[in-house]
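Student: Structure below; questions to follow.
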Amino acid sequence: MDTTKKHDWGLIVAGILLVVCAFFFLVAPGLTLVTITAIAGAAFLVSGVFDIINYVRFHKIMNLSGWAIAYAVLDIVIGLMFLIHPLALAGVIPWMIGAFFIIFGVFEIVGSFTVKKTGVPLWGWMLFSGIVSVLCGLTFFVWPAALSIFLSVFILMRGVSLVFYGWNANKAMLA
């Protein structure tokens, strides 16, 4: 290990790039949603292609049903829709993520009361987290650009953290 290095410049550069992206996302929330749509489209497409490849390779061994191939084709179709029409679907992404947050939050709220019965003190945090999730989900429905802002804040925090970690890398290695 080279302890003569004062800083980890890779982390610093990555952090600076994330900070720049965060500010870009803050000033262009619509473009951020289009970017998220394109990334989601690519993910669906890749997932579908690999599901088909795995179906062909393993359907006899694992006794996979035709539903597995139907799911793979659906992934590909959704991926292509997202990639071909990102502007049209960018408006739907916040609602999809909002619905996920609401469903997740409700499950967490219900789960918190189950955990409370066991006497584990974690239940209060679960309840709080569930309420925040539901509120975030509702916010995405009412104000779709909020998704872009939340994402920007997260990326900004991560970028600043990476710069900090990179700047103090040598101290951490010597500790």
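Student: Counting pairs of alpha carbon atoms under 8 Å apart in space and at least six apart in sequence, what relative contact order in percent does the chain give?
Tutor: Averaging sequence separation for qualifying contacts and normalising by length gives 41 percent for the chain.
Student: Can you tell me the convex hull volume per residue for the range 61-103, based on C-alpha atoms, in Å³ to the nearest whole number?
Tutor: 91 Å³
Student: If you don't mind, there's one more thing I want to ask. If you average over every viewing direction, what projected area does the convex hull of the Cα atoms of the range 92-143 give, in nm²?
Tutor: Average of the hull's projected areas for the range 92-143 equals 3.0 nm².
Student: Take the Cβ-Cβ distance between LEU87 and VAL120 as r, set R0 to 41 Å, and report the resulting FRET efficiency rounded to the nearest 0.05.
Tutor: The calculated FRET efficiency here is 0.30.
Student: Sum -39500 (n - 2.57) across every DSSP H segment of at least 4 residues in the chain, then divide by the residue count to get the 222 nm mean residue ellipticity, nearest 500.
Tutor: Taken over the chain, the calculation gives -29500 deg cm²/dmol.
Student: Obtain the radius of gyration and the Kirkwood radius of the range 123-175 from its C-alpha atoms and give Rg over Rh.
Tutor: Rounded to two decimals, Rg over Rh is 1.23.
Student: Over what distance in Å are the Cα centres of the range 106-175 and the range 37-76 separated?
Tutor: After rounding, the separation between the Cα centres reads 31 Å.
Student: In addition: Please state the relative contact order of the range 92-143 as a whole percent: Cα pairs under 8 Å, 6+ residues apart?
Tutor: Relative contact order of the range 92-143: 52 percent.
Student: Here are labelled values, [x] 16.1, 50; [y] 32.3, 114; [z] 21.4, 59, and one is the computed Rg and Dmax of the Cα atoms in Å for what I pasted. Which one?
Tutor: Matching entry in [x] 16.1, 50; [y] 32.3, 114; [z] 21.4, 59: [z].
Student: Against the globular-protein guess of 2.2 N^0.38 Å, express the Cα radius of gyration of the range 74-175 as a ratio, rounded to two decimals.
Tutor: My calculation over the Cα atoms of the range 74-175 gives 1.50.
Every number here is computed from the coordinates shown, using simple stated rules; none is lab data. All values derive from a computational prediction rather than experimental measurement. We place every Cβ from the backbone using ideal geometry, glycine too, and count neighbours over all the protein chains shown.
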